[in-house]
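The values are calculated or read from the model by the stated rules, or taken from the named source; none is laboratory data. Just so it is clear, the structure is predicted and the values come from calculations on it, not from any experiment. All Cβ positions, even for glycine, are placed from backbone atoms using ideal geometry, and neighbour counts span all protein chains on display. Please note that ligands, DNA and RNA were not included when accessible areas were found on the heavy atoms of the full protein model with its side chains. Shrake-Rupley method; radii C 1.70, N 1.55, O 1.52, S 1.80 Å.
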Amino acid sequence: GLGWHFPFTHGHGHGLHAGHHAGVGHGHHTPFGGINLNAILSWLFGFGLSGTVYRQGAHIWAPLALVLAVMFATLASTLTNVVLRRLFAREVGCLGYDSSELPGRFGLVSIAIRAGGVGEVIFSGTNDALRSLGARSADGLAVERGTEVVILDECDGIAVVQTWDRLVA
C-alpha cells in the first residue's frame, strides 16, 4: 500500500513510501496523521486566505507573502489534523482480537427485553466506545431496562445475555 510520511510527522523523512508495511495499520501512529483530505483542504484554505491577506490587505512584497502563506497554511493544516484526530480518534480504533470477543462483557439493558423477546444492550467496546446490540435473555425471562447483564454469546447479531444476579445464583 501507499502512505505519506514527512520528517515532522514520521521521523524517517522519506516522502512517498510504498511497501508491504506502509499505510493503515502500519503501527506508526503520529499525532499529526500525515496527509489526508482534511489536511489538504485546510492547507489550501489557509494558503489562499493568508496569501490574499498578506498580499492584498497588508501589501507585503509578493515573494515574502508567498513564503508566509506557505508557512501559515502548513501550520493551520497541521493544527486542524491534530484537533480532528483528538476529537475522533476513539471512534476509529483498530480492529483486533478483543474487538470481536463479546462473551464475558458486561452490559446495561437500554431497551427492556420482553419474556421470549428481544431488547437492546449497551456495552463498552474497543477503545471504550459505547456499542449497542440487540439482546435476548438466555433463560427466556424478561429483563427490565437499566439491569446490568453479562453477554454470554452472540448469535446472528443478537447478544444472548443473563442478568448478573441469575448468573451467580
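A count restricted to region 54-75 and to residues that are surrounded by 14 or more Cβ atoms within 10 Å (Cβ to Cβ) and either modelled with pLDDT under 90 or over 30 Å from the mean Cα position of the chain (by Cα) (or both) stands at 7.
If you go through region 150-169 and pick out every residue that is on the phi > 0 side of the Ramachandran plot and either acidic (Asp, Glu) or touching a Phe, Trp or Tyr at 6+ places or on another chain (Cβ under 7 Å) (or both), you end up with 1.
Go through (1) modelled with pLDDT of 90 or more; (2) within 23 Å of LEU37 (Cβ to Cβ); (3) of a type in the set (D, E, K, R) one by one and return the number of the condition ASP139 breaks. ASP139 satisfies all of (1) modelled with pLDDT of 90 or more; (2) within 23 Å of LEU37 (Cβ to Cβ); (3) of a type in the set (D, E, K, R) except (2). Residues in region 33-53 that are open to solvent by 60 Å² or more (accessible area, probe 1.4 Å) and either at pLDDT below 90 or under 24 Å from ARG86 (Cα atoms) (or both): ILE35, LEU37, ASN38, ILE40, LEU41, TRP43, LEU44, PHE45, PHE47. Could you list, in sequence order, all residues of region 113-148 that are in a loop (DSSP other than H, G, I, E, B), closer than 26 Å to PHE88 by Cβ and open to solvent by 20 Å² or more (accessible area, probe 1.4 Å)? Matches in region 113-148: ALA129 only. Kindly check whether there is at least one residue in region 14-30 that is at pLDDT 50 or above, in a helix (DSSP H, G or I) and at negative phi. No, region 14-30 has no match at all. Scanning region 101-112 for residues that are under 22 Å from the mean Cα position of the chain (by Cα) and surrounded by 17 or more Cβ atoms within 10 Å (Cβ to Cβ), we see that the one that is nearest to ASP153 (Cα to Cα) is LEU102.
Summed over region 153-169, residues that are surrounded by 12 or more Cβ atoms within 10 Å (Cβ to Cβ) and either in contact with a Gly (Cβ under 8 Å, 6 or more places away or on another chain) or β-branched (Val, Ile, Thr) (or both) total 5.
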